[in-house]
Amino acid sequence: MMRHLVSAACGLWLGLSGAAMAQGQPVLVELYTSQGCSSCPPADEFMAQLVEDPNIIALSLHVDYWDYIGWKDTFGSPQFTNRQKSYARAIGSRTIYTPQMIVGGVDRVEGNDPMKVVDSIRRQIMAPSSVRLTVVRQGNKAVIRAEAERPMRDMTRVQLVRFLPKATVEIKRGENAGAVVTYHNVVTSWQPLVEWPGQAPLDLVADVPGNDRIAVVVQTEGPAEVLAVAVADR
């Protein structure tokens, strides 16, 4: 059933490729997940489809608040829990969920609902892009350039994300005991670089030692709307 639902969702966004290319910017999807959450594996499986679409940059952030059940998430971090809590506070909520997908920093989808995620992606692909962003990796450096199409009303934060493309974990305890789950685009760090008002183009070089892949996110404070996201080629 899950695979049929994923296939149907994929079919919906394949027709959006032309619109996405016209806008020139992909859409950011953040999945908040946990190896200790029995409801999360279907969403983790859905991520396998999302990461294959060039119109989408999908990232998995593993939270640590399910560790008490009996399995410590091997990728879980209080940093990612705090980011999810910040999203909740931004809309006046005290509740956080796993799985939860946040699309473009503004659309929140609780639970595993591929069709709702695709609807959110479709709306955001069709919206005009206000920031042009490029990221080029040169050895242990990331060369970042951002330029606003028009003056921005709010300060933005430029953030560097490091992630593993794929990792398979055998879960030995907790709600998912005995399961072997493959995770995709697993975030290992999410680091703020600079605040950018957008009046002038941004040119920045950041240190990126190691082999993790890197992405850059330009986002309004809140956290709120993601204005641009880009992944550097290896």
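We did not get these values from a lab; they are worked out from the coordinates using the rules stated. Quick caveat, the model's predicted, so the values are computed rather than measured. Glycine also receives a Cβ, built like all others from the backbone with ideal geometry; neighbour counts cover every protein chain displayed.
Taking the range 51-156 and the strands (runs of 3 or more DSSP E) fully enclosed by it, the elements with 2 or more residues that are of a type in the set (Gly, Ala, Ser) and farther than 23 Å from residue 195 by Cβ are at 56-62. Can you find even one residue in the range 144-156 that is in contact (Cβ under 8 Å) with a residue 12 or more places away in the chain, closer than 22 Å to residue 214 by Cα and surrounded by fewer than 17 Cβ atoms within 10 Å (Cβ to Cβ)? Checked the range 144-156: at least one residue is in contact (Cβ under 8 Å) with a residue 12 or more places away in the chain, closer than 22 Å to residue 214 by Cα and surrounded by fewer than 17 Cβ atoms within 10 Å (Cβ to Cβ). Within the range 66-78, residues that are over 9 Å from residue 34 (Cα atoms) reach partners that are surrounded by fewer than 17 Cβ atoms within 10 Å (Cβ to Cβ) with beta carbons closer than 6 Å, at six or more positions or on different chains, in the pairs 70/173; 71/173. Of the strands (runs of 3 or more DSSP E) lying entirely inside the range 182-234, those carrying at least 3 residues that are in contact (Cβ under 8 Å) with a residue 12 or more places away in the chain and within 24 Å of residue 53 (Cβ to Cβ) are 213-220, 226-231.
Which of the residues spanning the range 114-132 are under 16 Å from the mean Cα position of the chain (by Cα) and among the aliphatic types (A, V, I, L, M)? Correct list: 117, 118, 121, 125. Scan the range 157-184 for residues that are within 25 Å of residue 214 (Cβ to Cβ) and among the small types (Gly, Ala, Ser) and jot them down. Result: 167, single match. Kindly indicate whether any position in the range 161-179 is under 17 Å from the mean Cα position of the chain (by Cα), assigned to a loop (DSSP other than H, G, I, E, B) and not small (Gly, Ala, Ser). No.
Which one is surrounded by the most Cβ atoms within 10 Å (Cβ to Cβ) among residues in the range 25-48 that are in a loop (DSSP other than H, G, I, E, B) and of a type in the set (Gly, Ala, Ser)? Break it down stepwise before answering.
As a first pass, look at the range 25-48 and keep what is in a loop (DSSP other than H, G, I, E, B): 25-26, 34-40.
Of the ones still in play, those that are also of a type in the set (Gly, Ala, Ser) are 34, 36, 38-39.
On the way: 34: 28, 36: 26, 38: 14, 39: 15.
So, considering only residues that are in a loop (DSSP other than H, G, I, E, B) and of a type in the set (Gly, Ala, Ser), the one surrounded by the most Cβ atoms within 10 Å (Cβ to Cβ) is 34.
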